[in-house]
Structure formats: structure tokens, C-alpha cells
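Notes follow the structure.
What follows is calculated from the coordinates using simple rules that are stated; it is not laboratory data. The structure displayed is predicted, hence computed values, not measured ones. Don't worry about glycine lacking a Cβ; one is built from the backbone with ideal geometry, like all the others, and counts go over all protein chains shown.
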Amino acid sequence: MSSPGTGPSTGSDLSCEGDACYWYQVGCMIGCPTCQLDLDHKGCGGTNCCSKSEGLMEPTNNDPEFRTWDPHSQSKNPDEHKYNPWRAPGKAPVADPCGVASGGTNPGTYAAIPQGYKAGDKGSEVLPEQKPTLWKAGTTAWVGWGLSAQHAGGYSYRLCPKDSTISETCFQSNTLTFATANSSIHFDNSTSHFEADKKIITRTYVAPDGTQWRTNPVPVCISSTSQYPIHGSPTPDCPTGTMFEAGFTEFTQGFLVPGGKNRFSVMDKVNVPKKVGSYVLSWRWDCEAADQVWTSCADIEITDEPVPAPAPTPTPPDGTCPNFKPGVDSCSTKGCMTRDELAVAENVARGVGGSIHRRATCAWRATRLESTPSIHTENISSMSE
């Protein structure tokens, strides 16, 4: 992507590496012809992005097994996110399959804008080609993403040949299938091969058109067991319980709550097509708790030749705030928050249209360095097996 940015990711947070978390789109609902990319309006501003006469469609993803926010309709407003992208995966529009800089247009001072670009730039048109990752034709390959703030929903991986027009239509006609039954968690400090890391409960949603999607495996914390009597087990980050059973506990809700960083990537194996050639890989995250779609792209070369094993990437150490006293000092004067942490936090808080109310917290030690970079994190990386 476009590294380094004006506020690059720091320390062990890999989710915003290369400015990947700055490329997404707001104001996108299922069936609508376009996304409303007005950042000042907070996407669709808490209202429907279009009318039924304009295409707004009814949800197709209604099975509690594949829902990620209030799957059993127990909240006071179970239809709050009824038309958000994950309710019909792939049916919300995108402005660009590789994302839009800052998520839209009319950015405020809170918006994080990738270095060298302006808000509203389309990733497929402006991002430079990178050295491709090599995949062996007809085998399997590892792909992964990181989460730094919670929007629920699910994701898919797609390919588009570089000799075609790079478009959402092209990607949707070449959605990859998953090669294994389970996703796995690859911890940032792990030196093992991905298969040696923790396997997790995995829910693979097959859309009506046959495309495969996987749910975001990090559940939302519930507010109370009385409101959500059907819920997942408590975890250190969600002591009351979770929206669904996660099967692992080493996660947080991201920087927008005082839980700290997620120091892992969600890894999947995908089946590699047999046709050799140059491709663009697109990762698409359809959110359920926001009217947003996050997309990132990577360069892929599918070859018949042997593919070398990927070299491990060292994880940078976290910083510290040795002089910060929690409950005494002010974040604005003694905190360690950088421009990136502040800008992205505010961006997400505003962009969800009131769906998720979080506030940035101040960093004061290595295990809680920052308060922010947002739910995005759609930093995408790809590795050949």
C-alpha cells in the first residue's frame, strides 16, 4: 500500500501497516446503487442509505450462526443494523474494490489521510504496483488480516487478473474458496509456521450466489446478561460475556476501548487457481455494526515454478509512557498518543453513525500503548505455502 503514511502504525499493531487501514468506504447498505461517501455526514448518518425503490434489499444472512451482532435479536432495537453490509454479504456497493482514501470525501480534522493522497482517492487507480507475492498454481496459500477495532461482520478474498479491468465485478466473479475447515490465530511474536498456531471456531457462510465468506471471529462484548441471556462465554476483555462463542480468549475490542492491542492476525488457507498469471488480490470486510465496507489489495503472481517459503517478519517492540500516571495525568499533556492514534480513533467514532460509541483512551505502558487505530485494519498480507 502507501507506506509510510503521515501517521503510520507503531509497535506490535500490524493492522495499519502500510496505511492499509486508511482505505475503506462509508455509507454502504445492501442493494443500494452507491455508497454515500460523505465523512462529514458520518456515512448515512444513522438513516437508510437508499430507499427500497432505489434498490434497498431485505437481508439474506439471517441465521444466528452467521450473525455477529445480536444474533438472537435480544437487543432493544434488533433491526438497528438490518441493512448493513454483512446482512447480505457482497450485496452492498463499494466505491472501489481496493478502498477509498480516508473512507470518503469531506474529511474533517479527525480524518487520517494516507501520505501522498487525498480523501476520496480510489485505491485501484492511485496505489502503485508492488512486488508480488508468489503463489504456486493449483495448491493452497495463506492469507491474513488484523483487527484494531470492532465492527463485526465477515470477510472474503477475491482475485482479478491484471489484464482485466480492476473492478468489483471482476473480483466478485473470482471469489476464492477456503481450503480448510478452520481459521487460525497467528500471534505476532510467533516463530512457528502458521499451521502451528491456534485453530479457532470458524463459521463459513455460503452466500446465495455460492461465494464463501467467513465471520469475523472476534465477538462483540455484551452489555449485560439480562439483556442478552443467550451469549458466549466471558473473556478477559469481555467479562460479562460475548455476542457469540469465540473459542479463544486472547482478543480485545481494539484501540477504541481500554483493552489494548490485538497482537495477532486471523489466518486462512485459500485454494489457488490453476491458471498462472498476474493478479490483484482483494480482501473485503462487510461490517454488520456499521454501514462500512473495508477493502485492501495486494499483488499476486501465480506460477508453475517452485515458490520459496516466506521469510518471517520481525515484530517491532511497543513503546512505553514511563512518566504517565493513570487517573492523575492528562492524555493531552503526558500521554503517548500519536497523530495516527488520535485521528483514526475519531474517524471511526464519527464514521459509524452512532452505531458504536467508543472513546480513545490514553496510553501509559507497553501493554496499553495507545488508544486507537480503528477498526479497520484491514491490513492484508498474503503468504504462499
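The length gained by stretching the chain between Thr225 and Glu125 to full extension, at 0.36 nm per residue less their Cα-Cα distance, is 31.3 nm. Counting only residues at least eight positions apart within a chain, or on another chain, the lysines with an alpha carbon under 22 Å from that of Lys42 are Lys52, Lys82, Lys91, Lys118, Lys122. Rounded, prolate or oblate: which fits segment 87-191 when a ≥ b ≥ c are the square roots of the eigenvalues of the alpha-carbon gyration tensor, with rounded for a/c under 1.5 and prolate only if a/b beats b/c? Here segment 87-191 falls in the prolate category. The lysine pair count for segment 149-306, using Cα distances under 16 Å and pairs eight or more places apart or on different chains, is 4. Calculated FRET efficiency, Lys275 to Ser73, Cβ-Cβ distance, R0 = 45 Å: about 0.55 to the nearest 0.05.
Between His193 and Lys162, take the C-beta separation as r, use R0 = 22 Å, and let me know the FRET efficiency to the nearest 0.05. Given R0 = 22 Å and the Cβ-Cβ separation, E is 0.15.
Under the simplified labelling scheme, the Ala179-Asp63 pair shows an inter-label distance of 2.5 nm, with each label point 7 Å from Cα along Cα→Cβ. Our note on the geometry: Cα centres of segment 71-120 and segment 28-48, 8 Å apart.
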